[in-house]
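Each value in this text was obtained by applying a stated rule to the coordinates, not by laboratory testing. Note that the structure is predicted; figures quoted are calculated from it, not measured. Because the Cβ atoms are built from the backbone with ideal geometry, glycine has one as well, and the counts that use them run over all protein chains shown.
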Amino acid sequence: MSISAPLAGLTVVAARRALATRFKTSGIETPELDARLLIGAALGLDHTGLAVHATRLITDNEASTIASFAERRLSHEPVARILGHKEFWGLDLRLSEATLVPRPDTETIVAAALEIIRNDPIMAAKALRIADIGTGSGAVLLALLSELPAAKGIGTDLSEDALETARLNATQLDLTERVSFVQCDYASALSGPFDLIVSNPPYIRSADIAALDRDVRDYDPRLALDGGADGLDAYRTITPQAAALLAPGGLLVFEVGHDQSADVSTLMRLAGLTLSHPPKADFGGIHRAVMGRKAAI
């Protein structure tokens with residue numbers, strides 16, 4: 001029996017409960033939340049709307065749409081990919097097959113950069129020039145520009161499809177006058193100086209990708225995941241590039257994997273950067289952001 005048949009004719013609240021139960025029995029980690037988001041999207045209702053219309057009945061067409069969403073989720077396709085967008089730093093961002101789903105952990109590098117900038121009188125007073133290496137959907141760069149109204153930025157990515165998604169997001173957020181995007185391998189097409197360089201590069205060890213959650217392994221682009229044998233290939237390339245592109249006193253902020261902060265810190269030192277701030281932990285206590293600065297003149 002299809003999922004849609006049992007849902008047609010149910011109230012909105014009953015359909016939510018039925019779908020959440022189906023997700024829970026199938027091992028979906030957040031069954032209630034996923035059911036609410038998918039049914040809300042199918043009905044065009046936000047959280048308040050679902051409550052207001054809790055007792056109205058699900059139509060056949062709506063049940064069919066919900067069923068389509070549910071089958072995709074039961075195949076472990078992330079809700080954000082089904083809906084085509086994801087919130088990051090309070091911004092609603094479009095996604096595509098060429099981009100990662102931005103995760104809360106990545107907000108750590110935005111927070112780390114802003115904390116340093118706002119506590120540094122020289123940086124706080126400047127119209128910063130920012131580069132985001134491997135920008136994907138543009139999440140990190142656009143978040144920073146939303147917080148730094150005088151700043152301008154450029155994002156790079158090897159994937160033109162990812163860059164098109166980032167451009168759409170910049171347009172949606174009315175940031176096109178302060179941002180540009182270029183297709184290249186990491187920072188190879190950039191010329192400095194930059195006051196801030198940020199990057200969430202691929203850092204999963206190649207051998208570990210097969211063991212990732214299906215939501216990530218089967219749906220995130222491998223290009224954005226695979227960091228080579230030890231997960232550090234991208235850092236070895238980007239760190240010296242960034243050190244050369246930074247203005248005196250400029251800041252490099254990386255997102256790193258759970259056991260990589262020490263190794264990435266060493267790469268920064270070898271490139272001549274100073275680790276003036278300790279790694280910043282995410283909400284799970286993992287050192288997620290590593291920061292290095294170029295010496296001021």
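List the residues whose amide H sits under 5 Å from the amide H of SER180, counting only those 5 or more places along or on another chain, with H placed 1.01 Å from N in the peptide plane.
GLY153, ILE154, GLY155
Sorted from fewest to most neighbouring beta carbons within 10 Å, what does the list MET268, MET123 look like?
MET123, MET268
Neighbouring Cβ atoms within 10 Å as the yardstick, rank TYR219, TYR203 fewest first.
Going from sparsest to densest Cβ surroundings: TYR219, TYR203.
Using a Cα-Cα cut-off of under 19 Å, which aspartates and glutamates could be cross-linked to LYS24, ignoring same-chain neighbours fewer than 8 residues away?
GLU32, ASP34, GLU71, GLU77, ASP213, ASP215
Defining a contact as two alpha carbons under 8 Å apart and six or more residues distant in sequence, what relative contact order in percent does segment 4-75 show?
Answer for segment 4-75 is 48 percent.
Take every DSSP beta bridge with both residues inside the chain and express the antiparallel ones as a percent of the total, to the nearest 5.
Restricted to the chain, the bridges split so that about 40 percent are antiparallel.
Quick one: compute the contact order of segment 140-221, relative version, from alpha carbon pairs under 8 angstrom and 6+ residues apart, as a percent.
Numbers: 60 pairs, mean separation 22.0, N = 82.
Worked out over segment 140-221, it gives 27 percent.
What number do you get for the chain when its Cα radius of gyration is normalised by 2.2 N^0.38 Å, N = residues?
That ratio works out to 1.11.
Measure out, as a whole number of angstrom, how far apart the alpha-carbon centroids of segment 45-71 and segment 81-145 sit.
32 Å
Counting other beta carbons within 10 Å of each Cβ, put LEU33, LEU163, LEU173 in order, fewest first.
Result, fewest neighbours first: LEU33, LEU173, LEU163.
How large is the Kirkwood hydrodynamic radius of segment 4-75, counting all unique pairs of alpha carbons, in Å?
Radius from the Kirkwood sum: 11.7 Å.
Mind pulling up the Rg/Rh value for segment 54-150? Radius of gyration and Kirkwood radius, both on Cα.
1.16
Taking 8 Å as the Cα distance limit and 6 or more residues as the minimum spacing, I'd like the relative contact order of the chain as a percentage.
The normalised contact order for the chain reaches 14 percent.
Please work out the Kirkwood hydrodynamic radius for segment 116-160, using every pair of different C-alpha atoms, and report it in angstroms with one decimal place.
For segment 116-160, inverting the mean 1/r across all distinct Cα pairs yields 11.2 Å.
Please give the contour-minus-distance gain from ASP218 to ARG167: 0.36 nm per residue of separation, less the Cα-Cα distance, rounded to one decimal in nm.
15.9 nm
Beyond 12 Å, how much of the Cα-Cα pair distribution for segment 142-186 remains, as a whole percent?
In whole percent, the long-distance tail amounts to 56.
Using the Karplus equation 6.51 cos²θ - 1.76 cosθ + 1.60 (θ = phi - 60°), what ³J(HN,Hα) coupling, rounded to whole Hz, does each residue of segment 155-163 give in order, writing x for Gly and Pro?
So the Karplus estimates, Gly and Pro as x, are x, 10, 7, 6, 8, 5, 5, 5, 5 Hz.
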